[in-house]
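I have placed the structure first, in the form of structure tokens, so that the comments after it can refer back to it.
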Amino acid sequence: MALMRNITKYCNINRTFVIEYKSRGYVTSSGPPEIPKCEFEFKGYGGKNYEETKTIHGSKLSPSVRNYYSKPLLATQGRMQWVWDQNGKRYLDLFAGIVTVSVGHCHPKVNEAAQKQMESLWHTTAIYMTPPVYEFAEKLVDTMPEDLKVCIFTNSGSEANDLALMLSRVHTGAFDAISLRNGYHGAGPYSVGLTAHGTWKHRYANGFGIHHAMNADPYRGIWGGSNCRDSPVQTDRTCSCAEGHCNAADEYIGQLEETLNYSVSPKIAAFFAESIQGVGGCVQFPKGYLKRAFDLVRSRGGLCISDEVQTGFGRLGSHMWGFETHDIIPDIVTMAKGIGNGFPMGAVVTTPAIAQSLKGVLHFNTFGGNPVACAVASSVLDVMKEEQTQKHSAEIGTYFLQELEKMRGEYDVIGDVRGKGLMIGIELVSNEATRDPLVGPEYAKLFEEIKDLGVLVGNGGFHGNVLRVTPPMCVTYNDINFALSVLRYAFQAHKDCQA
Ligand code: PMP
């Protein structure tokens, strides 16, 4: 009956559906998939009630601060991969506060490190030395290859990218920079110019000297085939490339060359790219594209900047850093989000030679390298090592992707499944052949339904039609099987509405 209610609500029409969910083994006899048990308890909630909170949101917060869902979630407690609402309803968090809770909500070791540091010293600024900053700086650069050995701490990813652009301009003495369309690099005064989504641009001057090259998207772009991606799942496009060669990479590199020839001065300052585009909908470039792009940019005097805000810290499974999956060494790496498991922090890592360019002028921010943030980030790295979260991401992410690929074969609404490790995108379409995105109320219903069934996923892509799965790296196979059941349930309900 619960199932019927759900579908009737979903379709908003009175029809009888004969669906053998039970025989397919992904629902309980009484209805939708059951959330796995967990060892943590809801501690109760005594704060402002739901309606009051919504009223404050509507009247006291900027309208640009938009919640997901027509009935937004009021999150009141988190523990590892779980989040509870005000009534104690538990959700499996597969979005991790936008790819940020890297090792688990309120991870006990990270909590302990934060509490310990809070008892001794909260704040100094960079005018004094304080141990957690130096301990973390050493630990962080130890994870970096080659000459990437100097850190500058910031409070966010936007700030890290602003700084990276400034640094590249100061170091090269050039001004122009290039980023890729569909990339997101932040909303700061510089970084919003690097961001190449019109939806994030306000009507004021931004991006002076920044140019956007064609995105190298093997699914939605002009070129792409069945072997482009470094992923267990490929697009459903065909491919006529010779063994070991990628025509799509050739074509997209040709487009970058056009931008270099026609849009910028002969010497450029920087090229920014994510290793996998996050906000853009988990878009992966053809293999070899970034390596060739870096060569091209360097031949024009530019620095190559990897934005690892989403792809860093082992989430991609095979490597600690996303750029390593492309076999490249950037000149500057920017990071945030997962660095602090939710604690506000960011960083820029570069070479000593590039960092030297800042000598002689002051660069300062009050909170960058806050001792509590650094103690937290240090313990996050320890937990990653102890719990082997990178290896776990590789194994469990591959399993998830392979299961989703099977689902793509069953549901026309799934146009593409992509990603690597625990950075996964499921692109929804209204027409599989034309790849028209699934947008508007149909997408919104599906998205809401998944939440109501107990799973939080993200939303991304320029058209907002990509379900993003980037959980805390402590998720278990049991959780993933539950999530797969929920997705299947929601996709089936959507399919039945079309029938
Ligand atoms: N770069 C990337 C790749 C991001 O995804 C984001 C945030 N979504 C940023 C930069 C900006 O980070 P922040 O929101 O911490 O400023």
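The values are calculated or read from the model by the stated rules, or taken from the named source; none is laboratory data. Just so it is clear, the model here is predicted, and its values are computed rather than measured. Quick reminder, even Gly has a Cβ in these numbers, built from the backbone with ideal geometry, and neighbours come from all protein chains shown. Keep in mind that these areas ignore ligands, DNA and RNA; they rest on the heavy atoms of the full protein, side chains included. Shrake-Rupley method; radii C 1.70, N 1.55, O 1.52, S 1.80 Å.
Let me spell it out: the conditions are (1) open to solvent by less than 50 Å² (accessible area, probe 1.4 Å); (2) on the phi > 0 side of the Ramachandran plot, and residue 146 meets all of them except one. Which number is the exception? Status for residue 146: all satisfied but (1).
Exactly one residue out of 160, 137 is assigned to a helix (DSSP H, G or I), buried (at least 17 other Cβ atoms within 10 Å of the Cβ) and away from the ligand (no atom under 15 Å from the Cβ), and it is 137. Checked against (1) open to solvent by 10 Å² or more (accessible area, probe 1.4 Å); (2) in a loop (DSSP other than H, G, I, E, B); (3) among the hydroxyl-bearing types (Ser, Thr, Tyr), residue 199 meets all criteria but (2). Please pick out the residue among 233, 192 that is among the aliphatic types (A, V, I, L, M) and within 21 Å of residue 335 (Cβ to Cβ). Only one candidate passes the filter, namely 192. When residue 354 is tested against the conditions (1) within 24 Å of residue 274 (Cα to Cα); (2) open to solvent by 50 Å² or more (accessible area, probe 1.4 Å); (3) out of contact with any Gly (no Cβ under 7 Å at 6 or more places or on another chain), the lone failure is (2). Applying a threshold of 7 Å to beta carbon distances and a minimum spacing of six or more residues, or different chains, the list of pairs starting in segment 249-269 at a residue that is closer than 19 Å to residue 220 by Cβ and ending at one that is open to solvent by 60 Å² or more (accessible area, probe 1.4 Å) and not in a loop (DSSP other than H, G, I, E, B) reads 249/292; 253/292. Being more than 12 Å from the ligand (Cβ to nearest atom), open to solvent by 60 Å² or more (accessible area, probe 1.4 Å), under 30 Å from residue 433 (Cα atoms) and not hydrophobic (A, V, I, L, M, F, W, C) is a property that residue 235 lacks.
Can you name every residue in segment 397-436 that is touching a Pro at 6+ places or on another chain (Cβ under 8 Å), open to solvent by 50 Å² or more (accessible area, probe 1.4 Å) and in a strand (DSSP E or B)? Answer for segment 397-436, where residues must be touching a Pro at 6+ places or on another chain (Cβ under 8 Å), open to solvent by 50 Å² or more (accessible area, probe 1.4 Å) and in a strand (DSSP E or B): just 430.
Each residue in segment 167-214 was checked for being more than 12 Å from the ligand (Cβ to nearest atom), over 17 Å from residue 304 (Cβ atoms) and polar (S, T, N, Q), and 2 of them qualify.
Residue pairs whose Cβ atoms lie under 7 Å apart, sitting 6 or more positions apart in sequence or on different chains, and linking a residue in segment 467-482 that is touching a residue at least 60 places away in the same chain (Cβ under 8 Å) and surrounded by 24 or more Cβ atoms within 10 Å (Cβ to Cβ) to a partner that is hydroxyl-bearing (Ser, Thr, Tyr) and not in a strand (DSSP E or B), are 472/102; 473/102; 473/389; 473/393. The single condition among (1) away from the ligand (no atom under 14 Å from the Cβ); (2) touching a helix residue (DSSP H, G or I) at 6+ places or on another chain (Cβ under 7 Å) that residue 348 does not satisfy is (1). In the set (1) modelled with pLDDT of 95 or more; (2) polar (S, T, N, Q); (3) away from the ligand (no atom under 16 Å from the Cβ), the condition left unmet by residue 102 is number (3). For segment 282-297, filtering for residues that are closer than 19 Å to residue 161 by Cα and either touching a Lys or Arg at 6+ places or on another chain (Cβ under 7 Å) or open to solvent by 10 Å² or more (accessible area, probe 1.4 Å) (or both) leaves 0. Go through segment 240-249 and give me each residue that's surrounded by fewer than 17 Cβ atoms within 10 Å (Cβ to Cβ) and assigned to a loop (DSSP other than H, G, I, E, B). Correct list: 240, 241, 242, 243, 244, 245. Among residues of segment 297-312 being free of Cβ contacts under 8 Å to residues at least 60 places away in the same chain and more than 19 Å from residue 276 (Cβ to Cβ), the one that is farthest from the ligand (Cβ to nearest atom) is 299. The strands (runs of 3 or more DSSP E) found wholly in segment 26-131 and carrying at least 2 residues that are of a type in the set (A, V, I, L, M, F, W, C), open to solvent by less than 30 Å² (accessible area, probe 1.4 Å) and farther than 23 Å from residue 155 by Cβ occupy 82-85. If residue 394 satisfies every condition in (1) open to solvent by 20 Å² or more (accessible area, probe 1.4 Å); (2) part of a loop (DSSP other than H, G, I, E, B) but one, which is the exception? Going through the list (1) open to solvent by 20 Å² or more (accessible area, probe 1.4 Å); (2) part of a loop (DSSP other than H, G, I, E, B), residue 394 breaks only (2).
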